[in-house]
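Engineer: Quick one: the structure is below, questions incoming.
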Amino acid sequence: MARQREEPTIKSTLWAGVLAIIKSLPKETGGTGRSVGKFTQVGDTSTMSTTFTVTQPDGADKVYDITVTVEESRDDHDRLWGPGGRADQTDPGRRVVIDANLYLIGDGRGSHGFRGFGGHRFDIEFFDGRRVTTTDLWHQGVIPPKWRERYPNNARVVQPGDTA
């Protein structure tokens with residue numbers, strides 16, 4: 001029976017990082033030692049600490065105290081989606097928001113000689129009744145939940161000839 005491969009845990013990943021650091025340290029002589037790392041986790045912050053010693057020719061030890069910390073946080077890309085961000089600087093009439101994804105209708109000439117989605121045709125119906133056909137639509141990204149009220153869904157893609 002084949003063993004299933006387990007996904008690495010934060011603890012094992014941190015320890016692998018510590019060992020990689022130790023591997024890169026100078027080893028002036030053969031006498032080395034390392035302590036078993038101490039792992040702590042408080043909230044979204046995980047820390048692994050260990051000590052690595054290298055015996056020197058004069059009999060003293062060179063001691064490396066190593067601490068690796070991983071702190072999980074969240075980035076809602078405020079510089080892009082927040083007030084004054086890059087998304088704000090686009091023409092609101094060209095913004096298409098479908099399923100919390102922002103798209104921009106290009107100028108039809110293609111940016112740098114390219115058209116969004118390779119020039120694929122999109123028929124878009126805005127919730128305000130406008131209908132636009134474009135072969136130059138550019139995906140700008142998924143709007144983080146924090147900013148979805150600021151950029152609500154405003155359109156849907158329709159099939160050519162669809163009247164509903």
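Engineer: Return the residues of segment 89-103 that are modelled with pLDDT under 95 and either in contact with an Asp or Glu (Cβ under 8 Å, 6 or more places away or on another chain) or of a type in the set (V, I, T) (or both); say none if nothing qualifies.
Structural biologist: If the condition is that a residue be modelled with pLDDT under 95 and either in contact with an Asp or Glu (Cβ under 8 Å, 6 or more places away or on another chain) or of a type in the set (V, I, T) (or both), then T90 is the only one that fits.
Engineer: Residues in segment 83-93: is at least one surrounded by 13 or more Cβ atoms within 10 Å (Cβ to Cβ) and over 22 Å from W147 (Cβ atoms)?
Structural biologist: Scanning segment 83-93, I find no residue that is surrounded by 13 or more Cβ atoms within 10 Å (Cβ to Cβ) and over 22 Å from W147 (Cβ atoms), so the answer is no.
Engineer: Tally the residues that are surrounded by 13 or more Cβ atoms within 10 Å (Cβ to Cβ) and either at pLDDT 75 or above or closer than 29 Å to S73 by Cβ (or both), restricting the search to segment 17-39.
Structural biologist: Adding up the residues that qualify gives 7.
Engineer: Name the strands (runs of 3 or more DSSP E) wholly inside segment 69-149 in which the number of residues that are under 16 Å from the mean Cα position of the chain (by Cα) and in contact (Cβ under 8 Å) with a residue 40 or more places away in the chain is 3 or more.
Structural biologist: 137-142
Engineer: Let me ask something else about it. Quickly run through segment 40-81 and pick out the residues that are surrounded by 16 or more Cβ atoms within 10 Å (Cβ to Cβ) and touching a helix residue (DSSP H, G or I) at 6+ places or on another chain (Cβ under 7 Å).
Structural biologist: S46, M48, T50, F52, I66, V68, L80, W81
The values are calculated or read from the model by the stated rules, or taken from the named source; none is laboratory data. The structure displayed is predicted, hence computed values, not measured ones. Note that each Cβ is placed from the backbone with ideal geometry, even for glycine, and that neighbours are counted across all protein chains shown.
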